[in-house]
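Take a look at the structure below.
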Amino acid sequence: MALSVALEKTIKGFHLDVSWEIGDELAVIFGPSGAGKSMTLQLIAGHMQPDRGRITLGDTVLTDTGTGACLPPQKRCIGYVFQDLALFPHMSVEKNILYGAVGVSATDCDRRLRDIMDLFQLEGLQKKLPCEISGGQKQRVAFARALIRQPDLLLLDEPFSALDSTLRGQMRDFLRDIRSIYRIPVVLVTHDIFEAYCLADTVIVYAGGTVANRGTPHEIFNEQNMADCETPLFFAYMMQKGFF
């Protein structure tokens, strides 16, 4: 299934003008803070509306300002994991996950909940509150909530940014496992070069509200493209470790 994006949006003096398309792959939107990465996810999810543009997911038109088409967010079959995870503190793990089961029958909800609790290693935590589980478990709950409805697209807005390096590594492995099970387009926003290189099938580089570059991680993070990088020491480390 393909995700096609062509968007323009101006807000508070910032102008976003991007166009790209991906298939069933993990695409990383990479770039500095303020480049329009998270805004793009919000526009895809329907939480914001573009000034001009068109977004399609497979044969479904999510937004088309030319025709006035605009599918409400709740009718877009999209899973979304936010940077702060947005778990409801007063709800149990079980209820947090089931909150994402929009349009799923009660019978299917029970089966899917059992399956996803087992898959994401959350057994025994059903009645726990978010404050009673670990950071890694919270991450898995957020992913489970996003995936329980079996969406056609998964959006990830820097979901690992608050984790320490060890846990971030574990969650990157977890995301790779998810990709082997759910063969859907995944869009991950990050400004972490290591994360982008290790996880992406395709890297879409944002700068100042536009697409500055696009390609495989090796194509994007080669020596020539990295010559003006703000993190030369990190690039040298990556070279030493054999990533380039």
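The values are calculated or read from the model by the stated rules, or taken from the named source; none is laboratory data. Source: prediction; values computed, not measured. Note: ideal-geometry Cβ built from the backbone for every residue, glycine included; neighbour counts use all protein chains shown.
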- Listed by first then second residue, the pairs whose first member lies in the range 137-153 and is under 25 Å from GLY169 (Cβ atoms), whose partner is among the aliphatic types (A, V, I, L, M) and in a helix (DSSP H, G or I), with beta carbons under 7 Å and at least 6 positions apart or on separate chains, are GLN139/MET171; VAL141/VAL93; VAL141/ILE97; PHE143/ILE178; ALA144/ILE97; ALA144/ILE116; ARG145/ILE97; LEU147/ILE116
- Message: Can you find, within the range 49-63, the residue that is farthest from MET1 (Cα to Cα) among those that are without any contact (Cβ under 8 Å) to a residue 40 or more places away in the chain and buried (at least 17 other Cβ atoms within 10 Å of the Cβ)?
- Response: THR63
- assigned by TED's automatic domain parsing to the domain that holds LYS128 and surrounded by 13 or more Cβ atoms within 10 Å (Cβ to Cβ): does that describe LEU98? yes
- Note on the structure: In the set SER161, SER165, the lone residue that is in the same structural domain as ILE55 (by TED's automatic domain parsing), of a type in the set (Ser, Thr, Tyr), within 16 Å of ILE29 (Cα to Cα) and surrounded by fewer than 18 Cβ atoms within 10 Å (Cβ to Cβ) is SER161
- Query: When you go through (1) under 16 Å from the mean Cα position of the chain (by Cα); (2) in contact (Cβ under 8 Å) with a residue 12 or more places away in the chain; (3) farther than 20 Å from LEU3 by Cα one by one for ASP173, which number turns out not to apply?
  - Reply: (2)
- Item | Failed condition for SER161, given (1) closer than 30 Å to LYS95 by Cβ; (2) over 18 Å from the mean Cα position of the chain (by Cα); (3) modelled with pLDDT under 85 | (2)
- Test set (1) out of contact with any Leu (no Cβ under 6 Å at 6 or more places or on another chain); (2) modelled with pLDDT of 85 or more - ASP201 fails condition number: (1)
- Mind listing whichever residues of the range 77-95 are surrounded by 16 or more Cβ atoms within 10 Å (Cβ to Cβ) and touching a strand residue (DSSP E or B) at 6+ places or on another chain (Cβ under 6 Å)? ILE78, GLY79, TYR80, VAL81, PHE82
